[in-house]
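Data first, discussion second: the structure below is written as structure tokens.
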Amino acid sequence: MKKKIVNILMLLVISLMTFSCSEDEVVMEPSLEVTPITMQGTWKLAELNGEQVPEDFYIYVIFDRKGNFEMYQKHDSMYPRYITGTYSIEKDSHYGYILSGEYDYENGDWNNKYIVTDLLQSGSMVWTVKDGDEVSKYVRVDEVPEEIVEAAKVDEEQ
């Protein structure tokens, strides 16, 4: 009888140790529906293809609820640029949410359409080029830094 009790206690201790060693459960934040309301605000490019972007390379995009955007960027030229236009969001049954845009002043469409995923309440979203492999992570920020706004204005005046 004593041997049975010892065996049961050993079995109980082993099971407790096994279950107590399991990894903590990771709670995933649910992704929001991609709409002008959930995208409204100021966003900064934080990562490009999993790498942090260099300090002198930036894109800030401000989306409003009416489908307009303002963009401050310095990535494809040595001077900062301020660009405006309109954007639209389409829900595709295969790809999910697709973001596209058109620049003001008849400057044409965006070069790419983007599949938007992982739009999180905590303030980040991921854009993947629809017909490519470039992946960009944007994070929500309070505002575009004043020195960037001023630099873009100076460039517009020239």
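The values are calculated or read from the model by the stated rules, or taken from the named source; none is laboratory data. Please read these numbers as outputs of a predicted model, since none were measured by experiment. Positions of Cβ are backbone-derived with ideal geometry, glycine not excepted, and every protein chain shown enters the neighbour counts.
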Residue check, VAL116 surrounded by 15 or more Cβ atoms within 10 Å (Cβ to Cβ), touching a Ser or Thr at 6+ places or on another chain (Cβ under 7 Å) and either outside any loop (DSSP other than H, G, I, E, B) or not small (Gly, Ala, Ser) (or both): no
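Look at ASP155 and say whether it is at pLDDT below 95, within 26 Å of ASP56 (Cα to Cα) and touching a Pro at 6+ places or on another chain (Cβ under 7 Å).
yes
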Filtered residues of region 76-113 (kept if in contact with a Lys or Arg (Cβ under 9 Å, 6 or more places away or on another chain) and either touching a residue at least 60 places away in the same chain (Cβ under 8 Å) or assigned to a loop (DSSP other than H, G, I, E, B) (or both)): PRO80, ARG81, TYR82, TYR95, TYR97, LEU99, ASN112, LYS113
Residue in region 74-81 that is surrounded by fewer than 15 Cβ atoms within 10 Å (Cβ to Cβ), in contact with a helix residue (DSSP H, G or I) (Cβ under 9 Å, 6 or more places away or on another chain) and either at pLDDT below 90 or among the aliphatic types (A, V, I, L, M) (or both) present: yes
